[in-house]
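Structure record follows, encoded as structure tokens.
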Amino acid sequence: MDWANLAFGYRKTDYNVRCYYRNGAWGEIETCSEETIPLHMAATCLHYGQEAFEGLKAYRCPDGKVRVFRSDENAARLQSTCRGIMMPELPTEMFNEMVDRVVRLNERWIPPYESGATLYIRPLLIGTGAQVGVHPAEEYLFLIFVTPVGPYFKGGFAGNPYVITRAYDRAAPLGTGIYKVGGNYAASLRANHEAHAKGYASEFYLDSKEKKYIDECGAANFFGIKNDTYITPKSTSILPSITNKSLMQVARDLGMKVEVRPIPEEELETFEEAGACGTAAVISPISCLDDPDTGKRYDFGSQPGPWSTRLFHALRGIQYGELEDRHGWTRVVIG
Ligand code: PLP
Ligand code: COI
């Protein structure tokens, strides 16, 4: 395996783990080597979007151990998503047990530390029961697969250009943006495609009601930095990012102030640094952000700024067991 040149994509591994929900209860955890799933053609995931996923990573650390990062948070977010779209909640212990099992079963696919690649863990929950009327399913499948991945953006920790889109909304103010459901990503595909076609790393969303405040950076949260303060949007239509939540704590630990509040677009001009954050990229510094409708360009410099660099290394250091995990965020799965 050419671990160091892996892209962020799907690669077959040895096993996935599955659990079915039937007759009002979760069944036994099953180990499976099939990549496909048998599915009823009237399954609610296909027709009515009863589909949720999660994303987290396992890290092969320099001390030889394999750690996962804050999987309790992914379990909790999935439970929130389940409440949002009427799916049965999976208990956190079961979620963690399945994460640990699928990582251990695929140990040979966990990239070496030096490669910079990681094992991406993708939990998926779908309504499998048949319905023709618009109702939640009676039956569900929860599964987790893993796949080794390289950096989300080619070049890793380096500045990228983004572009504001006003032509498309990712999510409505009281819609499903706070949940990790597939429909939000379907709603983003065209905007993302158009941004890529124009040479941008990703599209950038303002709030869909007023187009006045910053929402999200494609499939990542936004943060801006000025005056030693980490500022990130408060909004009812963005995904509560576990990376962002962690960065806010790390920022406080490093002596920064943290603000969670609506950020009007004009404030972009005042930020010394800006970044996108998420599991896939940790921090992806924003080099510039264009607003084609106004002709405005917000420039943050092509090199990652000093605070972004410190935050990036502090969080990565915890994920790889190199820095003290004072908040108990990692769990050793192997070693
Ligand atoms: N926002 C969206 C829309 C996402 O899909 C993701 C990715 O999971 C994030 C933000 C970042 O969330 P997290 O840090 O939990 O990966
Ligand atoms: C993230 O981890 O930040 C993502 O946005 C994952 C993406 C593949 C949905």
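The values are calculated or read from the model by the stated rules, or taken from the named source; none is laboratory data. Owing to the predicted nature of the structure, the values given are computational and were not obtained by experimental measurement. We place every Cβ from the backbone using ideal geometry, glycine too, and count neighbours over all the protein chains shown.
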Legend entry - Close pairs from region 61-83: first on the phi > 0 side of the Ramachandran plot and within 16 Å of ligand 2 (Cβ to nearest atom), partner in a loop (DSSP other than H, G, I, E, B) and aromatic (Phe, Trp, Tyr), Cβ under 9 Å, at least 6 apart: Arg70/Trp329
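Per-residue answers, yes or no, for (1) at positive phi; (2) out of contact with any Ser or Thr (no Cβ under 7 Å at 6 or more places or on another chain):
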{"residue": "Val99", "(1), (2)": "no, no"}
{"residue": "Gln131", "(1), (2)": "no, no"}
{"residue": "Val146", "(1), (2)": "no, no"}
{"residue": "Gly155", "(1), (2)": "yes, yes"}
{"residue": "Ile164", "(1), (2)": "no, yes"}
{"residue": "Thr176", "(1), (2)": "no, yes"}
Legend entry - Answer residue from region 209-236, given it is charged (D, E, K, R) and in contact (Cβ under 8 Å) with a residue 12 or more places away in the chain and is farthest from Tyr298 (Cα to Cα) among those: Lys209
Legend entry - Hits in region 306-335 (condition: hydrophobic (A, V, I, L, M, F, W, C) and either surrounded by 14 or more Cβ atoms within 10 Å (Cβ to Cβ) or in a loop (DSSP other than H, G, I, E, B) (or both)): Trp307, Leu311, Phe312, Ala314, Leu315, Ile318, Leu323, Trp329, Val333, Ile334
Legend entry - Meets criteria (without any contact (Cβ under 8 Å) to a residue 60 or more places away in the chain, aliphatic (A, V, I, L, M) and within 25 Å of Met87 (Cβ to Cβ)) for Ala187: yes
Legend entry - Meets criteria (modelled with pLDDT of 95 or more and part of a loop (DSSP other than H, G, I, E, B)) for Ile225: no
Legend entry - Where Phe222 falls short, out of the listed (1) within 15 Å of Arg170 (Cα to Cα); (2) touching a Lys or Arg at 6+ places or on another chain (Cβ under 6 Å): (2)
Inset, instruction - All but one of (1) touching a Ser or Thr at 6+ places or on another chain (Cβ under 9 Å); (2) within 12 Å of ligand 1 (Cβ to nearest atom); (3) closer than 30 Å to Thr31 by Cα hold for Ser202, so report the exception by its number. - result: (3)
Inset, instruction - Check Gly335 against each of (1) within 28 Å of Met98 (Cα to Cα); (2) modelled with pLDDT of 95 or more and name the one condition it does not meet. - result: (2)
Inset, instruction - Scan region 207-219 for residues that are closer than 15 Å to Asn184 by Cα and more than 16 Å from ligand 2 (Cβ to nearest atom) and jot them down. - result: Asp207, Ser208
Inset, instruction - Within region 159-175, identify whether any single residue is assigned to a loop (DSSP other than H, G, I, E, B) and within 18 Å of the chain's Cα centre (by Cα), and answer yes or no. - result: yes
